[in-house]
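Report on one structure; see the data block that follows.
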Amino acid sequence: MLAPGRTAIIPLTQEMALIEAQDLTKQFGNLKAVEGLSLRVSGGSILALLGPNGAGKTTTIRMLASILRPSSGEARIAGYDVRQHPADVRRSVGLLTEHHGLYTRMRPEDYLQFFGRIYGLTHDETGRRIGRLLEQFGLAEARDLRLGEYSKGMRQKLALARALLHEPPVLLLDEPTSAMDPASAHLVRACIAGLRSPGRTVVVCTHNLVEAENLADEIAIIHRGRIIAQGTSAELKRIYLGDPIMELRVASELDGAARFLPPGVTQVAAGEDWLRFRVAHPEEVNPRLLGALSKAGVPVVTLAEVPRSLEDVYLQVVGNVEGKGPASAWDG
Amino acid sequence: MRQQAASQGLFPIAFHIAGREIRDQLRDWRILTPIVALTLFFPVLMNFTAREAVNFVTRYGAPIVGDRLIPFLLMVVGFFPISISLVIALESFAGERERQSLEPLLATPLTDAQLYLGKLLASLASPLAAAYLGIFVYLIGVTVAIGWRPPALLLIQVLLLTTAQAVVMVCGAVVISSQTTSVRAANLLASFIIIPVSQLVIGESLIMFWGRYTILWWIVIALFLIALVLSRMGLHLFNREELLGREIDVVDLRWGWHVFAGAFVDDAMSVTDWYRGLITVTIPKLWSSLAMTSVVLLAGFFIGDGLSNRFALPADWVNLDRLGGGLGDAFSQLGLMTTRGWWWVVWNNIRAVGLAAFLGMFSFGVLALVLLMVPFGMIGYFAGNVALTGQNPLRFLVALVLPHAMLEVPAAVLAGAAILQLGLAAISPPEGASLGERWLKAAAGWARVSLGLVLPLLLLAGAVEVFVTPRVALLLLSGS
């Protein structure tokens, strides 16, 4: 994968951070839309920028795409400084805006040819890429329709094709499934998941927690222009919700079950035939527990981790920032 | 295989963008229908009108009316289709922003200039093509029906006028669109373009009926200059930061007042402090406007002087000795040497400066200077007439003008410069602030100069004009 520069060609590797931002700030009048945001995303990964409306996600994306100039701080996209080489940055970025912004009187091939020329691609090369992208996104059958006749999901997929047309190493997707019906959203998510490749970085802005958890390798929670938490889904859960909680269900009464729990394991709740406990290393503790129960003749029905969603993490993190306690219901 | 859009050159990419937009326009019946109607049916109607009018006025022995009507209709036939360019431009700039199809373009390596020029060309191409075609259809009609062929110069004038008006409207539309986020708001603001242009067309019509076609050349030049200024301003405003940094169209009066008052007070802690800032900070910033205003007002004096050669007054009207005899009565009748007369003079001058400021706001300061030139022209005219009769014009100037002019002229120069600065702030705004913010700050600068210097000078000049000048005049002209 090559990213052509004005004077030099910079070979991109998976280890190289395709997005680097340091203390990025954007101020509109008195409003600080983004404040001191720092990011580092390497090739091959998908980052979800998670946050409510107005958190600063779109402004961040626009700064990274060199559409808006940062008020302060630095950012490099595929090695190009967003301030000094805006055209190179824009050529290295494929941007899917929140609103597809298609020209509805055009047909898909004409539309993509229009953008291909702007990116400096030849007509034939653009044609080849269009054919491949329309096939990839299942739009080949609809190539004769005008874009105004497309469904919402189809339009969003074509907008994705537009973002990919010049084969950029960085994809910035702003609310790719907002206001979509579940089927269309599923289609688009599947497309995005298929875009993961070693030489490419994808940043997805969303306020959809399920989408972020399913798509992203890493999640950054942005709130009032600041990143307030960042990590993998598992890391965030561990940091903000504590160790995993296991639930044990048995086929008989569970009197004195606590005595079976190994040392260092904390019971958090219990019922007649069930028990919940918090454990730092379930892979070590659970086999021992099951062995002890079996030895004691306790008929075990299930031993499973209590599911904890990203929503819980989100509420906890935002609650911490706003000084409110989280509204969490999973531990009792 | 790959090139940057920027390196593909300004015009190829601009044409590429314009081409797409023009194809889009030609698929839109709302744009196509009026263009076709104004191109094909309207000229035919104008032909019919021209033929009937010529026949009618010839019957009553006034063929000149018909002769003047035909070129006028030629201009009208060209103007109507280009009025659509305003709608197309608002749709192209504000509409695309409202439909949020602009951001994908802004995310490409296109330069602001490529995008701006592309949209400008797209807004101009169809209406201008329709206007030229309409003129062609009209000319064929009048040639066939009444055998009228336009003089080549007139045809060039009309074509240039049509083109210049279209460019002015489109460039103005870009400026307006950049200040709004919706087509609705842009349409409301479009009256700032359509009203002056309509007035201009009425003026052009009068000039054509008057038969002073030379003046039209000056209008063409002025229009192209305005187009240049507006396109420069449009290019300045049409950039990613301005387009995406603005999210809502809300009139925030409190914010506006805060900006204006902050710039007006300028952190001054006392009146002395405020005046120090006015003299040491505000006035030095006006030096180029002050120089330009001084030159223009001086030019007004010499133009007046020049006109006295062409339109000389009867010698006894400007006989200073004869004038001196009746001065005392004339001054009494005018209410001079009374407090009431002082207020009248001051009020009159304030109204003139206020009107100049109002006109200046809509003309980048130009009309303000034109208005302020008038009294200088009049003084030059009278001085010229005095000189023509062999008298010393200095006697006239010293007796009737100089005493209060020593205060009134600096007031006029300061007022003109402040208004000019206000107009220039809109054309060439500094970086890092919105157009509204820049304009409010410039307006605060104008208010500082007007209240701090112009008004006190006018009050003093009024007093001198009413209480001192008459006495000097009586002394020098009648010896009493």
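The values are calculated or read from the model by the stated rules, or taken from the named source; none is laboratory data. All of these numbers come straight from a predicted model, not from anything done at the bench. Because the Cβ atoms are built from the backbone with ideal geometry, glycine has one as well, and the counts that use them run over all protein chains shown.
Taken over the stretch A:37-58, residues that are not polar (S, T, N, Q) and not in a loop (DSSP other than H, G, I, E, B) amount to 10. In summary, strands (runs of 3 or more DSSP E) completely within the stretch A:230-284 and bearing 2 or more residues that are under 24 Å from A:VAL210 (Cβ atoms) and touching a residue at least 24 places away in the same chain (Cβ under 8 Å) occur at A:245-250.
Only one of the numbered conditions (1) under 20 Å from B:LEU453 (Cα atoms); (2) in contact with a helix residue (DSSP H, G or I) (Cβ under 7 Å, 6 or more places away or on another chain) is violated by B:ALA405, and that is (2). Being within 14 Å of another protein chain (Cβ to nearest Cβ), more than 26 Å from A:GLU211 (Cα to Cα) and modelled with pLDDT under 85 holds for only one residue in A:LEU31, A:LEU12, and it is A:LEU31. Inside the stretch A:59-72, residues that are hydrophobic (A, V, I, L, M, F, W, C) and either outside any loop (DSSP other than H, G, I, E, B) or more than 10 Å from every other protein chain (Cβ to nearest Cβ) (or both) make up a count of 3. The set of residues from the stretch B:92-114 being outside any helix (DSSP H, G or I) and either more than 7 Å from chain A (Cβ to nearest Cβ) or closer than 23 Å to B:ALA190 by Cα (or both) comprises B:ARG99, B:GLN100, B:SER101, B:THR111.
Checking the stretch A:35-54 against the condition returns a match, with at least one residue being modelled with pLDDT under 90, under 30 Å from B:GLU437 (Cβ atoms) and surrounded by 15 or more Cβ atoms within 10 Å (Cβ to Cβ). Restricting attention to the stretch A:102-123, the residues that are outside any loop (DSSP other than H, G, I, E, B) and either touching a residue at least 24 places away in the same chain (Cβ under 8 Å) or more than 8 Å from every other protein chain (Cβ to nearest Cβ) (or both) add up to 9. Among the residues of the stretch B:201-234, just one is closer than 23 Å to B:LEU121 by Cα and among the charged types (D, E, K, R), namely B:ARG232.
Scanning the stretch B:18-62 for residues that are out of contact with any Ser or Thr (no Cβ under 9 Å at 6 or more places or on another chain), within 14 Å of chain A (Cβ to nearest Cβ) and loosely packed, with under 15 Cβ neighbours inside 10 Å yields B:ARG27, B:ASP28, B:TRP29, B:ARG30. Taking helices (runs of 4 or more DSSP H) as the structural unit, those lying wholly within the stretch B:305-361 and holding at least 2 residues that are farther than 22 Å from B:GLY384 by Cα, in the same structural domain as B:PRO393 (by TED's automatic domain parsing) and of a type in the set (Val, Ile, Thr) correspond to B:339-361.
To keep it simple, each residue is scored yes or no on (1) closer than 26 Å to B:CYS171 by Cα; (2) in the same structural domain as B:GLY384 (by TED's automatic domain parsing); (3) in a helix (DSSP H, G or I); (4) in contact (Cβ under 8 Å) with a residue 40 or more places away in the chain.
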| position | (1), (2), (3), (4) |
| --- | --- |
| B:LEU228 | yes, no, yes, no |
| B:SER231 | yes, no, yes, yes |
| B:GLY234 | yes, no, yes, yes |
| B:ASP267 | no, yes, no, no |
| B:TYR275 | no, yes, yes, yes |
| B:ILE279 | no, yes, yes, no |
| B:PRO284 | no, yes, yes, no |
| B:SER289 | yes, yes, yes, yes |
| B:VAL296 | no, yes, yes, yes |
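Against the numbered list (1) buried (at least 19 other Cβ atoms within 10 Å of the Cβ); (2) of a type outside the set (S, T, N, Q); (3) more than 14 Å from chain B (Cβ to nearest Cβ); (4) more than 17 Å from A:GLU218 (Cα to Cα), A:HIS166 comes up short only at (3). Scanning the stretch A:126-145 for residues that are surrounded by fewer than 16 Cβ atoms within 10 Å (Cβ to Cβ), among the charged types (D, E, K, R) and either under 26 Å from the mean Cα position of the chain (by Cα) or within 14 Å of chain B (Cβ to nearest Cβ) (or both) returns A:ARG128, A:ARG132, A:GLU135. Any residue that is charged (D, E, K, R) and at pLDDT 85 or above - is there at least one of those in the stretch B:170-186? Taking every residue of the stretch B:170-186 in turn, none turns out to be charged (D, E, K, R) and at pLDDT 85 or above. Candidates are the residues of the stretch B:239-283 that are at pLDDT below 80 and away from chain A (no Cβ under 12 Å); the one that is farthest from B:ARG97 (Cα to Cα) is B:LEU253.
Residues checked against (1) without any contact (Cβ under 8 Å) to a residue 24 or more places away in the chain; (2) among the basic types (Lys, Arg); (3) buried (at least 18 other Cβ atoms within 10 Å of the Cβ):
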residue: B:ALA107; (1), (2), (3): yes, no, yes
residue: B:LEU110; (1), (2), (3): no, no, yes
residue: B:VAL137; (1), (2), (3): no, no, yes
residue: B:VAL142; (1), (2), (3): no, no, yes
residue: B:PRO151; (1), (2), (3): yes, no, no
residue: B:VAL174; (1), (2), (3): no, no, yes
residue: B:SER177; (1), (2), (3): no, no, yes
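Residues checked against (1) buried (at least 18 other Cβ atoms within 10 Å of the Cβ); (2) modelled with pLDDT under 90; (3) within 14 Å of another protein chain (Cβ to nearest Cβ); (4) under 14 Å from the mean Cα position of the chain (by Cα):
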| position | (1), (2), (3), (4) |
| --- | --- |
| A:ARG155 | yes, no, yes, no |
| A:LEU171 | yes, no, yes, yes |
| A:ASP181 | no, yes, no, no |
| A:SER184 | yes, yes, no, no |
| A:CYS191 | yes, yes, no, yes |
| A:ARG196 | no, yes, no, yes |
| A:THR206 | yes, yes, no, yes |
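How many residues are over 23 Å from the mean Cα position of the chain (by Cα) and either modelled with pLDDT under 80 or on the phi > 0 side of the Ramachandran plot (or both) if we restrict to the stretch B:430-476? The total comes to 3.
Of everything in the stretch A:73-101 that is part of a loop (DSSP other than H, G, I, E, B) and facing another protein chain (nearest Cβ under 7 Å), the residue that is modelled with the lowest pLDDT is A:HIS99.
Kindly evaluate B:ARG99 against the criterion of being surrounded by fewer than 22 Cβ atoms within 10 Å (Cβ to Cβ) and closer than 30 Å to B:VAL183 by Cα. Against the criterion (surrounded by fewer than 22 Cβ atoms within 10 Å (Cβ to Cβ) and closer than 30 Å to B:VAL183 by Cα), B:ARG99 qualifies.
Report yes if B:VAL158 is buried (at least 19 other Cβ atoms within 10 Å of the Cβ), in contact with a Phe, Trp or Tyr (Cβ under 9 Å, 6 or more places away or on another chain) and away from chain A (no Cβ under 14 Å), otherwise no. Taking the combined requirement at face value, the residue does not satisfy it.
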